[in-house]
Amino acid sequence: MSGKPWRILMLNGPNLNLLGRREPAVYGATTLDEIERDCRVVAAEWGADLDFFQSNHEGVLVDRIGAALGHVDLIIINPAALTHTSVAIRDALLAVGLPVIEVHLSNIYRREPFRHHSHVADIALGQISGFGALGYRLAIEAGVRHLQKS
Ligand code: DQA
């Protein structure tokens with residue numbers, strides 16, 4: 001790759017800090033630290049710098065999205081439970097206008113009906129749901145391929 005690295009902001013919402021111990025039958029045994037390490041390797045392979053961040057607080061995530069303007073090329077987000085509730089995260093993503101990829105470890109459409117609606121899905125380039133930690137790697141590849149085309 002030549003030129004400047006792509007800048008990817010990868011955001012994780014509430015309770016994802018507990019991955020590995022949290023409902024492993026649903027979310028797998030991989031910890032968030034392991035996902036971060038793996039994503040750093042994959043991002044480097046795709047010529048991207050990765051800013052990896054998790055918060056349990058909606059406003060903190062909104063602030064990180066707002067601060068991305070002018071500093072980030074692509075946002076990859078697993079908003080966790082906020083997927084289904086947060087108009088504020090949706091509005092922040094719309095405000096910065098950056099390409100977004102939504103990731104979920106579990107297949108949210110095979111779960112409780114309240115998880116079937118996402119406030120992010122219709123403003124995202126796409127959604128990857130149900131492939132566990134692999135979804136984050138796939139999102140990096142899909143995101144960089146999108147940036148390369150645009
Ligand atoms: C999740 C799915 C959400 O419904 C849930 O609240 C999460 C994790 C996932 O990655 O599968 O916390 O986003």
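All of the numbers you see were taken from the coordinates with simple rules; none came from a lab. These figures come from a predicted structure and were not determined experimentally. Glycine also receives a Cβ, built like all others from the backbone with ideal geometry; neighbour counts cover every protein chain displayed.
The figures follow:
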| read-out | value |
| --- | --- |
| Estimated FRET transfer efficiency when R0 is 41 angstrom, pair residue 110-residue 4 (beta carbons, to 0.05) | 0.55 |
| Vicinal HN-Hα couplings computed from phi for the range 13-26 (Karplus, 6.51 cos²θ - 1.76 cosθ + 1.60; Hz; Gly/Pro x) | x, x, 6, 6, 5, 9, 4, x, 10, 7, 5, x, 5, 8 |
| For 149, 4, order by how many other beta-carbon atoms lie within 10 Å, fewest first | 149, 4 |
| Per-residue ³J(HN,Hα) for the range 143-150, Karplus 6.51 cos²θ - 1.76 cosθ + 1.60, θ = phi - 60°, Hz, x for Gly and Pro | x, 5, 4, 5, 5, 4, 7, 8 |
| Selection from 113, 72, 89 lying farthest towards where the dipole of the range 34-150 points positive, charges on Cβ | 113 |
| Contact order normalised by residue count of the chain, Cα under 8 Å, 6+ apart, percent | 27 |
| 10 Å binning of all Cα-Cα separations within the range 6-133, expressed as whole percents from 0 upward | 13, 47, 35, 5 |
| Between the range 64-97 and the range 99-150, the Cα center-to-center distance that results, in Å | 13 |
| Contour excess over end-to-end distance, with Cα ends at residue 38 and residue 69 and 0.36 nm allotted per residue | 8.6 nm |
